[in-house]
Amino acid sequence: MFLLTWQFLSFFFLIYMPLLYFLHSFLSKFRQVSGDHGPTTYPIIGCLISFYKNRSRLLDWYTQHLSESPTSTIVVDRLGARRTIVTANPENVEYMLKTNFNNFPKGKPFTDILGDFLGYGIFNVDGELWHTQRKLASREFTAKSLREFFMITLEEEVENGLLPVLESLAAREEVVDLQELLRRLAFNMICKVSLGTQRCSLDPSLPPPPLAEAFDMASDISARRAAAPLFVVWKIKRWLGIGSEKRLKDAVEELHQYVGEIIADREQMIEQRGENDGEDFLSRLLLAGHGEKVIRDMVISFIMAGRDTTSAAMTWLFWLLSCYPGIEEETVKETNFMLKSRLDYDSLKELKLLKACLCESMRLYPPVVWDSKHALVDDMLPDNTRVRAGDRVTYFPYGMGRMEALWGKDWREFRPDRWFHEAGKKRSMKKVCSFKFPIFQAGPRVCLGKEMAFIQMKYVVSSILRRFEIRPVSSDKPVYVPRLTAHMAGGFKVVVRKRTEDKYV
């Protein structure tokens, strides 16, 4: 049976592309351009040919069509996929994330794609289960929690972990993958906050731990599901337990085993110590009486979000600063002036130029490329785009950061000044609409960890910039790879050099 099914799949793929091109030739006389300025479509197959041809550059393909649309919205209809509305229009984003929030849940098609990986975690559920987890998670991001996070986790991991590693690399003039180093650092910090344990060595000569590799595998394959030209393919592979779906299953089982063992150990520890122990997120979940599966899925969601988003944003920022030495110099001057001899929570909040640099970096290279919802009932977006019940409606931060209508003709430039009202020492930062810059989502599902993320990134980046120069080994422009969270293809190979102490004083 298995052999026959595998032979059928092989035959299917053998004839798949020739069949598409035959349909393309036959139906070309019937082709039409979407009335919503989307890609060229055909009867039956929709825009499947164009989608397949551009599968290696989908981000730029979507962005091009959005920039040509008067409403910054397109409709993508292709064989084998749900009708999708993609928008870079802030009014539409506000409508779906806030104004008519209840009509745009994540929906079953989305939760099916990520269900094996994220289960019933907060990022993959709707309704009452989401409300319950949201309320519970919100307690972790109070001002008191932020200060404790800063005082305990950041200081320990950066001062005792990251900086000594960079000192050693600078002394040996050794090339290192900064992206991987920052991912390990972020992984340690989120594991410490959520699990109360450290899971990863920062020593670049050592391989990443199995838990981190399992996260990478599960995240990558889950993202490929969403981008598959035909969804039925991954579902068949999952049913048969072959290929990438087999690797996903193995990775998820490894994650469940690791986190399950930690949960069991923590339960035993709480029983021994009594109910006063609740220093980390996992302990508080257990003390609140939640079930093991819900706790496991929430912890996995937190680790995924906390690890990859901040490390990606910092990686791209260091590359951009290396391309703009004048901005790097001004940023180092700010950190030296504002932080004096010691970093503390209040002085970090005053690093306005550094925050503007981070925002500008995330505008061009957002950690999360897009986010989708699914309409419950027929609707109409503010730009008069019709939405049918069941449609996938996607807002697109990557494309939004490249819209001339939103950011001006110089949108290609890394220009932190665009985030200030005016130049000069007393300049203040603009309050940019979160629906124009939805990097942390917006509305009821706005990211609870937004302030924690900025504090973490400011601490790490300023700690590095004050002491070291980060210089890329290659002059080639890095390749931006979209997955569940985006990253730099092949890593970010750099040389670390000690910064002259009085250079930017």
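Points to keep in mind about this one:
- Annotation: residue 40 fulfils all but one of (1) among the hydroxyl-bearing types (Ser, Thr, Tyr); (2) open to solvent by less than 30 Å² (accessible area, probe 1.4 Å); (3) modelled with pLDDT under 85; the unmet one is (2).
- Counting only helices (runs of 4 or more DSSP H) that sit wholly inside region 163-246, those with at least 3 residues that are more than 27 Å from residue 464 (Cβ to Cβ) are 210-227, 231-240.
To keep it simple, each residue is scored yes or no on (1) farther than 27 Å from residue 250 by Cα; (2) surrounded by 15 or more Cβ atoms within 10 Å (Cβ to Cβ).
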position: 172; (1), (2): yes, no
position: 180; (1), (2): no, yes
position: 188; (1), (2): no, yes
position: 191; (1), (2): no, yes
position: 202; (1), (2): no, yes
position: 206; (1), (2): no, no
position: 214; (1), (2): no, yes
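- Of the residues making up region 309-342, just one is in contact (Cβ under 8 Å) with a residue 24 or more places away in the chain, surrounded by fewer than 22 Cβ atoms within 10 Å (Cβ to Cβ) and within 22 Å of residue 152 (Cα to Cα), namely 339.
- Among the residues here, residue 94 does not qualify as among the charged types (D, E, K, R) and over 19 Å from residue 373 (Cα atoms).
- The residues of region 446-505 that are out of contact with any helix residue (DSSP H, G or I) (no Cβ under 9 Å at 6 or more places or on another chain), of a type in the set (Val, Ile, Thr) and open to solvent by less than 50 Å² (accessible area, probe 1.4 Å) amount to a single one, 481.
- Within region 160-209, the residues that satisfy the criterion of being charged (D, E, K, R), farther than 21 Å from residue 490 by Cα and modelled with pLDDT of 90 or more are 167, 172.
- Contact map, region 169-183: residues that are free of Cβ contacts under 8 Å to residues at least 12 places away in the same chain paired with residues that are open to solvent by 80 Å² or more (accessible area, probe 1.4 Å), Cβ distance under 9 Å, separation 6+ or inter-chain. Pairs shown: 171/498.
- Any hit, region 285-302, residues being assigned to a helix (DSSP H, G or I) and of a type in the set (Asp, Glu): yes
- Residue that is over 30 Å from residue 255 (Cα atoms) and among the acidic types (Asp, Glu), where the choices are 126, 77: 77
- Evaluating residue 143 against the criteria (1) touching a helix residue (DSSP H, G or I) at 6+ places or on another chain (Cβ under 9 Å); (2) more than 17 Å from residue 457 (Cβ to Cβ); (3) modelled with pLDDT of 85 or more leaves one unmet condition, (3).
- Residues that are among the aromatic types (Phe, Trp, Tyr) number at least 2 in the following helices (runs of 4 or more DSSP H) confined to region 386-505: 450-467.
- Contacts under 9 angstrom Cβ, first residue in region 115-141 being in contact (Cβ under 8 Å) with a residue 24 or more places away in the chain and more than 15 Å from residue 301 (Cβ to Cβ), partner assigned to a helix (DSSP H, G or I) and among the basic types (Lys, Arg), 6 or more apart: 139/284
- Members of region 376-393 found to be within 24 Å of residue 440 (Cα to Cα) and open to solvent by less than 10 Å² (accessible area, probe 1.4 Å), listed by number: 381, 391, 393
- Subset of region 379-427 (residues that are over 23 Å from the mean Cα position of the chain (by Cα) and free of Cβ contacts under 8 Å to residues at least 24 places away in the same chain): 380, 386, 389, 408, 409, 410, 421, 422, 423, 424, 425, 426
- Those residues of region 189-212 which are closer than 19 Å to residue 485 by Cβ and without any contact (Cβ under 8 Å) to a residue 12 or more places away in the chain, in sequence order: 209
The values are calculated or read from the model by the stated rules, or taken from the named source; none is laboratory data. Because the structure is a prediction, the values reported are computed rather than measured. Note that each Cβ is placed from the backbone with ideal geometry, even for glycine, and that neighbours are counted across all protein chains shown. Areas reflect the complete protein model, heavy atoms only, side chains present, ligands, DNA and RNA absent. Shrake-Rupley method; radii C 1.70, N 1.55, O 1.52, S 1.80 Å.
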